[in-house]
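Have a look at the structure below before the remarks.
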């Protein structure tokens, strides 16, 4: 999968600039921000977990009102459980690929360009861990070490490596120099049951809200 993704990205970078008509409308940028993640499905009494994310994007303005982008980001997901005498965090990390189809709304004689978008997302899990604090004691273990750490009382929490979802949101570009400052607010809805514990029927899905800021360059023309 990694090899196929690399080939696809390389093909896009080579093919797009080679076309004079498309090269006028290319953009590339970086962004980062904060996340508020939780788990949905057969999960109750959980709290949102704060995290950070960072990524990059490559965009193509196909029309004055339509842009197609290819984005990748590192993002933290999971959930928190806050009890009077203990705090427990379920920590999931992903490399996520997103393809937002974007409606852009240019405003005449203005530096601001509002955007609305939606698209699919594919996340590849890079780590799964559980951290807890109780009475001044702390614990930080991988999900597949839970059984041994609990003395056989709790099973390892096994999760699926791939998580497919959909996202939607909005933002604004603020023209500055040869590019634009970007601000985004999006909601990511996981569609995959990430619970991979054998025989466990509970349905567990990722939920994530992101607030992002960054800068992108326009080039090729």
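The single condition among (1) more than 28 Å from residue 217 (Cα to Cα); (2) part of a strand (DSSP E or B) that residue 122 does not satisfy is (1).
Do we have residue 139 as modelled with pLDDT under 95, in a strand (DSSP E or B), in contact with a strand residue (DSSP E or B) (Cβ under 8 Å, 6 or more places away or on another chain) and loosely packed, with under 15 Cβ neighbours inside 10 Å here? Spelling it out, residue 139 is indeed modelled with pLDDT under 95, in a strand (DSSP E or B), in contact with a strand residue (DSSP E or B) (Cβ under 8 Å, 6 or more places away or on another chain) and loosely packed, with under 15 Cβ neighbours inside 10 Å. On inspection, residue 92 does not qualify as surrounded by 14 or more Cβ atoms within 10 Å (Cβ to Cβ) and within 22 Å of residue 174 (Cα to Cα).
Of the listed requirements (1) over 30 Å from residue 138 (Cβ atoms); (2) assigned to a strand (DSSP E or B); (3) at pLDDT below 90, residue 81 misses just one: (1).
Would you check if residue 61 is touching a strand residue (DSSP E or B) at 6+ places or on another chain (Cβ under 9 Å), assigned to a helix (DSSP H, G or I) and either farther than 30 Å from residue 144 by Cα or at pLDDT 95 or above (or both)?
Values: touching a strand residue (DSSP E or B) at 6+ places or on another chain (Cβ under 9 Å): yes; assigned to a helix (DSSP H, G or I): no; either farther than 30 Å from residue 144 by Cα or at pLDDT 95 or above (or both): yes.
Taking the combined requirement at face value, the residue does not satisfy it.
To keep it simple, each residue is scored yes or no on (1) within 20 Å of residue 205 (Cβ to Cβ); (2) touching a helix residue (DSSP H, G or I) at 6+ places or on another chain (Cβ under 7 Å); (3) surrounded by 17 or more Cβ atoms within 10 Å (Cβ to Cβ).
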position	(1), (2), (3)
102	no, no, yes
106	no, no, no
112	no, no, no
118	yes, no, no
124	yes, no, no
133	no, no, no
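All conditions in (1) without any contact (Cβ under 8 Å) to a residue 24 or more places away in the chain; (2) assigned to a loop (DSSP other than H, G, I, E, B); (3) touching a helix residue (DSSP H, G or I) at 6+ places or on another chain (Cβ under 6 Å) hold for residue 199, with the sole exception of (3). Among the residues of region 50-70, the ones that are surrounded by 13 or more Cβ atoms within 10 Å (Cβ to Cβ) and farther than 13 Å from residue 96 by Cα come to 9 in all.
The values are calculated or read from the model by the stated rules, or taken from the named source; none is laboratory data. Keep in mind the model is a prediction, meaning the values are calculated, not measured. Counting neighbours? That spans all protein chains shown, and the Cβs are built from the backbone with ideal geometry, glycine included.
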